[in-house]
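My questions all concern the structure below.
The values are calculated or read from the model by the stated rules, or taken from the named source; none is laboratory data. What you are looking at is a predicted structure, and each value in this text was computed from that prediction instead of being measured. Glycine gets a Cβ as well: all are built from the backbone with ideal geometry, and neighbour counts include every protein chain shown.
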């Protein structure tokens with residue numbers, strides 16, 4: 001798994017540790033799928049916005065969406 005995706009998965013997880021009846025620590029990790037999806041979408045938005053600002057200053061018409069798609073694939077390490 002891509003390192004950035006792993007980092008987002010960690011951000012979307014909550015770990016709690018409880019102590020029960022002297023038997024030791026019980027640790028539970030809860031993975032929030034909705035939060036994970038939101039974090040991925042937010043990163044994609046930031047990549048496209050950055051690309052738009054960067055290229056938009058050179059090309060007032062806009063930028064190539066294929067370039068933005070390529071940047072997102074590269075950012076997340078997606079291989080075809």
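Inside region 42-69, can you point out the residues that are modelled with pLDDT of 80 or more and surrounded by 13 or more Cβ atoms within 10 Å (Cβ to Cβ)?
If the condition is that a residue be modelled with pLDDT of 80 or more and surrounded by 13 or more Cβ atoms within 10 Å (Cβ to Cβ), then 43, 44, 47, 48, 69 are the ones that fit.
If you scan region 5-29, which residues turn out to be within 22 Å of the chain's Cα centre (by Cα) and either part of a helix (DSSP H, G or I) or at pLDDT below 80 (or both)?
Looking only at region 5-29, we keep the residues that are within 22 Å of the chain's Cα centre (by Cα), and these are 5-15, 29.
Residues satisfying the conditions are 5, 6, 7, 8, 9, 10, 11.
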